[in-house]
1. Note the angle between two axes, namely the Cα long axis of helix B:71-81 and the longest principal axis of the Cα atoms of chain B, as a number of degrees from 0 to 90, rounded to the nearest 10.
2. Counting only residues 5 or more places away or on other chains, whose amide H sits under 5 Å from the amide H of A:LEU77 once H atoms are built in the peptide plane?
3. Using the Kirkwood formula on the Cα atoms of region B:18-81, what hydrodynamic radius do you get, in angstrom to one decimal?
4. With the contact rule set at Cα under 8 Å and sequence spacing of 6 or more, what percent relative contact order holds for region B:21-93?
5. By a straight-distance test (C-alpha under 19 Å), which aspartates and glutamates pair with B:LYS54 as possible cross-link partners, with residues fewer than eight away in the same chain excluded?
6. Quick check on region A:1-115: what are the equivalent-ellipsoid semi-axes from the Cα gyration tensor, as sqrt(5λ), descending, whole Å?
7. Amide H neighbours of B:THR5 under 5 Å, at least 5 residues apart or on other chains, H built in the peptide plane: list them.
8. To make sure I understand, if each residue's beta carbon is the centre and we count other beta carbons within 10 Å, what order do A:ILE151, B:ILE34 fall in, fewest to most?
Amino acid sequence: MKKAQLKTIEQHDNVSLYSICFDGNNISEYEDFLMKFKDNSTLNQDFQRIIIALEKIIDRGALERFFRIEGKMNDRLSALSLDSRSLRLYCLRISDQILILGNGGVKTTRTYEEDETLSGYVMDLQQFDELLKQAQKNGSITIEKNMIVGIENKVFEL
Amino acid sequence: MITVTNPLFRECLAQVSEKTRAEFNLSFEIADCIDAILKKKGLTQKELARRMGKRESEVSRWLTGRHNFTTNTLADISLALGEPIIIVPHRNN
């Protein structure tokens, strides 16, 4: 069982970006994604486009059309990717104003399920999504416009 | 509202090249324009796809703002929407 907390990455009038931070890790999953690809010369342009997309999302909102729907019918898993390119960043689109960023990588297989690393990132987010729904139901967290309230000391067990 | 920013994310954004940013902005603005016309005319992505003989998933890719449009596709979309989506300024010599 893994313990995790939700870390605020960016908070603005329109949107707040969060990421999952696993117990024992100094950085969140999204920051790990940034560290992995920021100096990768081969994927540099794709990486840059994904992060500018996030800049636009901060400005405009996490609108459904900006994302590629992944995962299952009952989860909120989405990905930021580029047409016919392999780099993708997985996330949970909670609303137009709240986005939880996960990790990501290069998809070289037909589906993410065939890639152990990517399916690990996806499963972490799917499990986290379930825990978030439960926490909302039992009132330990609340969602208020662009903020998730009650996460400061909240530990999620995945 | 307290604004929070992430130093690593901001550092990565600062490294985005001018060319990548210019390309991205163009794709993004085109997507915004298509979306606005669809809303104005009460059309769905499915209907646009039908008019163009394309799959709905293709239209949905265009609207992400990260699609690299060809002039051919832009012309087809304009015709299907019945409105220009790009206007090139005329230059007199």
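1. Between helix and principal axis, roughly 60 degrees.
2. A:LYS72
3. Numbers: mean 1/r = 0.0841 Å⁻¹.
When all Cα pairs of region B:18-81 are included, the Kirkwood radius is 11.9 Å.
4. Numbers: 53 pairs, mean separation 26.0, N = 73.
Here the relative contact order equals 36 percent.
5. Partners within reach: A:ASP83, B:ASP35, B:ASP76, B:GLU83.
6. Details: eigenvalues 75, 63, 52 Å².
So the three semi-axes of region A:1-115 are 19, 18, 16 Å.
7. A:GLN11
8. Details: A:ILE151 19, B:ILE34 27.
Ascending Cβ contact count within 10 Å gives the list A:ILE151, B:ILE34.
We did not get these values from a lab; they are worked out from the coordinates using the rules stated. Note that this is a predicted model, so its numbers are computed, not measured. FYI the Cβ positions are ideal-geometry reconstructions off the backbone, even for glycines, and counts take in every protein chain you see.
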